[in-house]
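Here the structure is laid out as structure tokens; the discussion comes afterwards.
The values are calculated or read from the model by the stated rules, or taken from the named source; none is laboratory data. Quick caveat: nothing in here was measured; it's all calculated off a predicted structure. Cβ atoms come from the backbone with ideal geometry, glycine included; neighbour counts cover every protein chain shown.
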Amino acid sequence: MTLEVWPIGRPKYHPKNPRQGDVGAICESLDANGFYGAILVQKSSELIIAGEHRHKSMKAKGARKIPVLVIDVDDEKALDIMLADNATADQADYDRARLPELLAEIHERRGSLEGTGFTSERLQELLDDLNHQEKEREQGKQGEDKEKSAPNLDPGADRYKEQYGVIVVCKSGAEQERVYNSLRLEYDDVKVVVT
């Protein structure tokens, strides 16, 4: 691998890249934080393997040059790396207690969440969710205490507890994965169903 600085127009977008990024959000991050890192480019084809949307954002901001990490791999390995870079990012999750605490700390210190990729509204949703979960835990604990003190006369009663759900019909496996990963950030019990 070599780190180089290329003219912004030299690297090309990979025609098989299925990833759709939020260039506007990346531009906001660039405004607040500047550009850090490099894009990953296959040496032989000069196709971008990772960082296409960072490149598009830099281009939109009028950059003339961009840091490029050049790797010498064949076309098949380049595709593997591109897909793995996207898929591993999708599989990441947040610690649902630590994230709102960190965002609240930043918001309190600076008065905004600019540059973090989060909004004050999103922070409030996370805090509300955290408070709701805490109340449910407390109610569950109180319910367990009551169950321990009162005998259960009907051993089959638990089978009939109410459950609520939503079914989202997706057009593809990729869309299903995006929806699933999005819902996992909000809810503890998310299931994938294939029919």
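Could you say whether any residue in region 85-101 is among the β-branched types (Val, Ile, Thr) and farther than 24 Å from Val5 by Cα? Within region 85-101, one or more residues are among the β-branched types (Val, Ile, Thr) and farther than 24 Å from Val5 by Cα. Look through region 10-42, keep the residues that are assigned to a loop (DSSP other than H, G, I, E, B) and of a type in the set (Gly, Ala, Ser), and return whichever of them is nearest to the chain's Cα centre (by Cα). It comes out as Gly21.
Scanning region 17-51 for residues that are at pLDDT below 95 and within 17 Å of Asp75 (Cβ to Cβ) yields Asn17, Pro18.
With respect to (1) surrounded by 12 or more Cβ atoms within 10 Å (Cβ to Cβ); (2) part of a helix (DSSP H, G or I), the lone exception for Glu134 is condition (1). You will find that of Leu103, Leu47, Leu99, the residue that is free of Cβ contacts under 8 Å to residues at least 40 places away in the same chain, among the aliphatic types (A, V, I, L, M) and touching a His at 6+ places or on another chain (Cβ under 8 Å) is Leu47 and no other. From the set of residues in region 84-94 that are touching a residue at least 24 places away in the same chain (Cβ under 8 Å), out of contact with any strand residue (DSSP E or B) (no Cβ under 7 Å at 6 or more places or on another chain) and surrounded by 12 or more Cβ atoms within 10 Å (Cβ to Cβ), which is farthest from Glu52 (Cα to Cα)? Going through the qualifying residues, I end up with Tyr94. Scanning region 61-82 for residues that are within 23 Å of the chain's Cα centre (by Cα) and either free of Cβ contacts under 8 Å to residues at least 24 places away in the same chain or farther than 20 Å from Pro15 by Cβ (or both) yields one hit, Asp80. Scanning region 95-103 for any residue that is out of contact with any strand residue (DSSP E or B) (no Cβ under 8 Å at 6 or more places or on another chain), basic (Lys, Arg), surrounded by 11 or more Cβ atoms within 10 Å (Cβ to Cβ) and not in a loop (DSSP other than H, G, I, E, B) turns up nothing.
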